[in-house]
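Below: the structure, in structure tokens.
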Amino acid sequence: MPVQPSINPLPINLSQTYQQLMTSFDQCDAAGIAARYAETGQLLPAYSATIAGRAAIQAFWQGCMDMGIRALHRQPIEADQWNETVNEVGAYKLYGRDGKLLDVGKYIAIWKWEDDRWQIYRDIWTSNLPPQSKASHRR
């Protein structure tokens with residue numbers, strides 16, 4: 001008999017890991033953020049090549065913080081758990097140094113249970129905002 005998915009809030013131990021991820025972001029701790037990803041984890045941001053591995057993920061998030069991104073707020077909408085994998089769909093907001101809203105969008109995160117803890121295996125997101133035109137970049 002096939003395993004049936006469950007559409008529920010995030011599992012409690014995943015919720016704790018998720019909160020640690022958001023706390024690391026709020027503290028501008030790129031190493032802490034990267035530690036929540038699997039060693040073979042991947043980021044799949046729009047307009048970018050795949051970013052693979054914990055060290056590259058740390059460098060990516062550090063670069064975001066260096067550019068002025070200071071807070072990431074994710075709101076899970078649904079989570080499907082299949083044994084040791086959770087597929088999460090949600091919405092996000094990015095904020096700058098002054099608390100200004102920089103971006104809003106949606107994401108999918110795939111979590112895996114590895115090394116006795118939940119880790120992000122794949123992380124993809126896209127903005128709900130239209131891309132800036134080349135003309136607006138020249139101003």
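Listing for the model above:
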{"read-out": "Any hit, the stretch 22-43, residues being of a type outside the set (S, T, N, Q), under 12 Å from residue 123 (Cα atoms), surrounded by 16 or more Cβ atoms within 10 Å (Cβ to Cβ) and touching a Ser or Thr at 6+ places or on another chain (Cβ under 8 Å)", "value": "yes"}
{"read-out": "Looking only at the stretch 9-53, and only at residues there that are assigned to a helix (DSSP H, G or I), within 24 Å of residue 82 (Cα to Cα) and of a type outside the set (A, V, I, L, M, F, W, C), the one that is modelled with the lowest pLDDT", "value": "13"}
{"read-out": "Test result for residue 71, at pLDDT below 95 and either hydroxyl-bearing (Ser, Thr, Tyr) or touching a helix residue (DSSP H, G or I) at 6+ places or on another chain (Cβ under 8 Å) (or both)", "value": "yes"}
{"read-out": "Residue count for the stretch 20-64, restricted to those that are among the acidic types (Asp, Glu) and either closer than 17 Å to residue 74 by Cβ or within 13 Å of the chain's Cα centre (by Cα) (or both)", "value": "2"}
{"read-out": "Among the candidates 51, 69, 110, 57, residue that is in contact with a Phe, Trp or Tyr (Cβ under 8 Å, 6 or more places away or on another chain) and over 20 Å from residue 29 (Cβ atoms)", "value": "110"}
{"read-out": "Cβ pairs under 6 Å, 6+ apart, first in the stretch 51-66 and at negative phi, second at pLDDT below 95 and surrounded by 14 or more Cβ atoms within 10 Å (Cβ to Cβ)", "value": "65/28"}
{"read-out": "Residue in the stretch 81-88 that is aromatic (Phe, Trp, Tyr), farther than 19 Å from residue 16 by Cβ, in contact with a strand residue (DSSP E or B) (Cβ under 9 Å, 6 or more places away or on another chain) and at pLDDT below 95 present", "value": "yes"}
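The values are calculated or read from the model by the stated rules, or taken from the named source; none is laboratory data. These numbers were taken from a predicted model, which means no experiment stands behind them. Glycine gets a Cβ as well: all are built from the backbone with ideal geometry, and neighbour counts include every protein chain shown.
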